[in-house]
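The values are calculated or read from the model by the stated rules, or taken from the named source; none is laboratory data. In this text the structure is predicted, and so the values were computed from the model without any measurement. Please note: Cβ atoms are built from the backbone with ideal geometry, for glycine as well, and neighbour counts cover all protein chains shown. For accessibility, only protein heavy atoms count, side chains too; no ligands or nucleic acids. Shrake-Rupley method; radii C 1.70, N 1.55, O 1.52, S 1.80 Å.
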Amino acid sequence: MSNKIDGKILVLDDDQGVLYTAKMILKQHFETVVTEGDPKKLDFLLNQDKYDVIVLDMNFSYGLTSGKEGIKLLKKVLEIDPEAHVLMNTAYGDIEIAVEAMKEGAVDFLVKPWPKEKLLATVKAIFDLSRSKKEVKDLKAGQKIVLNDQQRKYGEIISSSPAMKPVFAAIDKVAQTDANVLILGENGTGKDLIANAIHKKSPRTEENFIKVDLGAISETLFESELFGHVKGAFTDAREDKPGRFELANNGTLFLDEIGNLSLPMQAKLLTTLQFMQVTRVGSNKVMHLNTRLICATNMPIKEMVGDNEFRQDLLYRINTVEIHIPPLRERREDIEPLARHFLKVYGKKYSKEKMRLNETTVTKLKAYSWPGNVRELQHAIERAIIMANSHLLAPEDFLLLERPDQNVIASDTYNIEDMEKQAIQNAIRNAEGNLTKAAKTLGLGRSTLYRKMTKYKL
């Protein structure tokens, strides 16, 4: 097995002795060493192959010592291959020529006659630099591809339903503005996909899209998470940390589950939005913001204002434009294409690309009310693929489909909370997921129903 470096070196010099010596030295260490004495063949060589290092003579015409020929050839090399790493080679140690060559893009400069160790060490150093730059470039390209793939997956909205046409129209209109957007819809309808689609269609698409799940942030960490902190601001602040607003500066900040914020947290958020500036916890330095804000909630936020559970002035700030996403039961045309999409995604994930839905299963899926919306359908397809014994998914593979036994309260259960939970489940099921209708049946306000659903993890 060869211990040579897998690299390509080109040496261009009119001195055959130099070419012979260079090849003898470099060939012991590199897999490919090409030598050429005719500068007219430079175009052909560079268009035929790509070299890690090019050793280029400064003077080719007899008697010339100005280095102008070398500079001209250097420019040609970089014109053909802007990423080329060129080592200039001359018998005349003129510092002015060296400086000019470096200004034009040469990486280094050697003076002939050179010790073989000097040539080898210099070529190796330039080779390492060349490969490092290539690796960084490849890594960035890979990261960009991964990011683009994630964004395409994140922003993919599958729908042909007439009920979604107003949503798509609103996305197109609002995306080109900086207007604050409030997205309303039940759990699992894809509010995050709508927010991401707005960002991708906006002039801020090249900037950050930062999502914050406000329902998962405790009141004690609210300021630190959203506004950032400096080292030592509190016990666990071991280093400076930028907040989500800061990370989204010049981009888009998506605040999901904004209806879950307590009144004190709402007040802090409102202050930030009024002045569009943040100060990290423990710091006095003010940072001015240029952030596009998109919020979302599954809660009846306007009714919450009436119940003094959500600040009206904050609602005015966040809902310049409202977008309502219809639940899946109101766009049943989307059930089959969504199911087939998830079938493809999870079939590939679990190496079961041959999985199919039979017609009876499709009919059953379309008949179900999907109270958990698209997210429930997604999870149902994933589970069915994992557990199926056949490549054809049958109705019995979907355990989330109608469960009649859940409509009956156990006669031996007298625990008030258990009975209340069951009553809420039954009301939601009988209302086919329509929470306004379910709340009316139960004699509750929608905001009260939401709180109880959160309590019982429904």
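Annotations for the structure displayed:
- Yes/no for Glu309 being farther than 30 Å from Asn426 by Cβ and not in a helix (DSSP H, G or I): no
- Count of region 414-458 residues which are open to solvent by less than 50 Å² (accessible area, probe 1.4 Å) and in contact (Cβ under 8 Å) with a residue 60 or more places away in the chain: 6
- Scanning region 429-447 for residues that are of a type in the set (S, T, N, Q) and at pLDDT below 80 gives Asn430, Asn434, Thr436, Ser447.
- Contacts under 8 angstrom Cβ, first residue in region 379-397 being without any contact (Cβ under 8 Å) to a residue 40 or more places away in the chain and closer than 17 Å to Lys366 by Cβ, partner open to solvent by less than 40 Å² (accessible area, probe 1.4 Å) and hydroxyl-bearing (Ser, Thr, Tyr), 6 or more apart: Ala394/Thr361; Pro395/Thr361; Asp397/Thr361
- Of all residues in region 1-13, those that are open to solvent by 70 Å² or more (accessible area, probe 1.4 Å) and either farther than 19 Å from Ser130 by Cα or more than 41 Å from the chain's Cα centre (by Cα) (or both) total 2.
- Hey, Lys211 outside any helix (DSSP H, G or I), open to solvent by 20 Å² or more (accessible area, probe 1.4 Å) and modelled with pLDDT of 85 or more or not: yes
- Residue in region 139-171 that is nearest to the chain's Cα centre (by Cα), counting only those that are surrounded by 13 or more Cβ atoms within 10 Å (Cβ to Cβ) and modelled with pLDDT under 70: Gln151
- Scanning region 222-267 for residues being over 21 Å from the mean Cα position of the chain (by Cα) and within 29 Å of Ala197 (Cβ to Cβ) gives a total of 9.
- Residue, nearest to Asn298 (Cα to Cα), within region 221-266, restricted to residues that are among the hydroxyl-bearing types (Ser, Thr, Tyr) and part of a loop (DSSP other than H, G, I, E, B): Ser262
- Count of region 111-122 residues which are surrounded by fewer than 17 Cβ atoms within 10 Å (Cβ to Cβ), touching a residue at least 40 places away in the same chain (Cβ under 8 Å) and among the aliphatic types (A, V, I, L, M): 0
- A single member of Lys302, Lys344 is without any contact (Cβ under 8 Å) to a residue 60 or more places away in the chain, open to solvent by 40 Å² or more (accessible area, probe 1.4 Å) and within 29 Å of the chain's Cα centre (by Cα), and it is Lys344.
- Looking across region 172-195, the residues that are farther than 15 Å from Ile318 by Cα, open to solvent by less than 40 Å² (accessible area, probe 1.4 Å) and in a loop (DSSP other than H, G, I, E, B) come down to Gly185, Glu186, Gly188, Thr189, Gly190.
- Arg329 vs. criteria more than 25 Å from the chain's Cα centre (by Cα), open to solvent by 10 Å² or more (accessible area, probe 1.4 Å) and modelled with pLDDT of 90 or more: yes
- Selection count, region 312-352, where residues are touching a His at 6+ places or on another chain (Cβ under 8 Å) and assigned to a strand (DSSP E or B): 0
- Met355 vs. criteria out of contact with any His (no Cβ under 9 Å at 6 or more places or on another chain), farther than 23 Å from Pro166 by Cα and surrounded by 14 or more Cβ atoms within 10 Å (Cβ to Cβ): no
- Within region 21-42, restricting attention to residues that are part of a helix (DSSP H, G or I) and in contact (Cβ under 8 Å) with a residue 12 or more places away in the chain, the residue that is most open to solvent (accessible area, probe 1.4 Å) is Lys23.
- For region 270-280, the candidate set comprises residues that are open to solvent by 40 Å² or more (accessible area, probe 1.4 Å) and not in a loop (DSSP other than H, G, I, E, B); within that set, the residue that is nearest to Arg238 (Cα to Cα) is Thr279.
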